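Structure in structure tokens, see below.
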């Protein structure tokens, strides 16, 4: 261990044991806030924790719940919103008990490369391999006009097909691109469908240039080129749109119970069959929503929640939270455990079994969608949610 590593371990231990001076505390958190050596610092924190975990009393369940809320919710917002010097003040208000949670979650919040980190620790010490599940990946199935299907993954890169006058190209980063040529005498477009399975996500660029992101267990049906008075697509699941502007040809998204009309805008639609309502969240522009018993217009930052009984307009919604999945995150804000587990199970291709009473608490937090499910469940454990993975199921034990 070189001199700088020894210094970091000393500072970490001193802070945890409450012997660090104000200057040492500031020095420690300046190192932590630095992004230059994130992975390296995480390794040192793990080592430091191994050295002291048996000599320092652990904290109570109530305290762990309080600390988790700080770190996952308030602490995260503060770290993103304020300058680095002020960050130190907010982290200092956490007790030394925060260190155990910090060690387990630090890499999640600062974007560390956990795959390499886990491989490094696997070499250093032998551990018992427990059941786990990997996060979802870029994968989908393309159904062509003749009914044939193509499994999309990294093994199928390049030009896949010609659908009418459109060329279909699959890229290495999980994106399907339609390039519309001269339709000539062709007046009837062919219909294609892109669908993601559980544990899958994909992007598509439609023939008009509109960009579309599909979450797990979602689909979009679309023509190989747009003609007529509008551009129509049909979706299931959760889909985010960045619609190419065309004032002469409105873009219409159809779900099982709603039609959404736009000219050019960015918005998210969540219309899973196992959810209680369809949610349309507008990020930019304007959308018109029509259903059997309601119609209205959304402004940026608003959300329409449509259930079987009624429609509720949320005038100020957290757009970042609604779009977190597109940005590679799980983000919860006062969500119940059932809502959380539906999202988790879709992404990790698992099911959930509740043993005992279903927890009635609400949970807030944010975590990368790139972690293994065991790491996400370990975070929930600090709030009192105990779980076990058996085969393809998560058992929640209460």
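We did not get these values from a lab; they are worked out from the coordinates using the rules stated. Predicted model only: the values in this text are computed from it and were never measured. Glycine gets a Cβ as well: all are built from the backbone with ideal geometry, and neighbour counts include every protein chain shown.
If we count other beta carbons within 10 Å of each Cβ, what is the order of 318, 349, fewest first?
Ordered from fewest to most neighbouring Cβ atoms within 10 Å, 318, 349 come out as 318, 349.
OK, next. Would you mind classifying segment 212-255 by shape? Square roots of the alpha carbon gyration tensor eigenvalues, ordered a ≥ b ≥ c; an a/c under 1.5 is rounded, otherwise it is prolate if a/b is larger than b/c and oblate if not.
It is prolate, given that a/c is not under 1.5 and a/b is the larger ratio.
Using a 10 Å cut-off around each Cβ, can you sort 224, 255 from fewest to most neighbouring Cβ atoms?
Exposure proxy ranking, most exposed first: 255, 224.
Put a dot 7 Å past each Cα toward the Cβ at residue 351 and residue 390; how far apart are the dots in nm?
Placing both labels 7 Å along Cα→Cβ, they lie 1.2 nm apart.
Now for a different question. I need the per residue convex hull volume for segment 137-321, using only the alpha carbons, in cubic angstrom as a whole number.
That works out to 119 Å³ per residue.
Based only on Cα atoms, what mean projected area does the convex hull of segment 168-277 have, in nm²?
7.1 nm²
Given the convex hull over the Cα atoms of segment 329-397, what projected area results after averaging over all orientations, in nm²?
Mean projected area of the Cα convex hull: 4.0 nm².
Still on this structure, please answer the following. Could you put 298, 323 in order, starting from the residue whose Cβ has the fewest other Cβ atoms within 10 Å?
Ranked by crowding around the Cβ, least crowded first: 323, 298.
What is the Cα radius of gyration of segment 170-224 over 2.2 N^0.38 Å, N being its residue count?
1.23
Starting from the 7 Å offset along Cα-to-Cβ, what nm value, one decimal, do you get for the label separation of residue 150 and residue 362?
With each label point 7 Å from Cα toward Cβ, the separation is 4.6 nm.
To the nearest 0.05, what FRET efficiency results for residue 211 and residue 292 with a Förster distance of 30 Å applied to their C-beta separation?
That pair, residue 211 with residue 292, gives E of 0.50.
If you stretched the chain out fully between residue 274 and residue 229, how much longer would it get, using 0.36 nm times the residue separation minus the C-alpha to C-alpha distance?
Working it through step by step, the gained length comes to 12.9 nm.
A follow-up question, please. What FRET efficiency, computed as 1/(1 + (r/R0)^6) with R0 = 35 Å and r the Cβ-Cβ distance, is obtained for residue 179 and residue 134, rounded to the nearest 0.05?
About 0.60, to the nearest 0.05.
Based on the Cβ-Cβ distance from residue 336 to residue 171, what FRET efficiency comes out when R0 is 51 Å, to the nearest 0.05?
0.85
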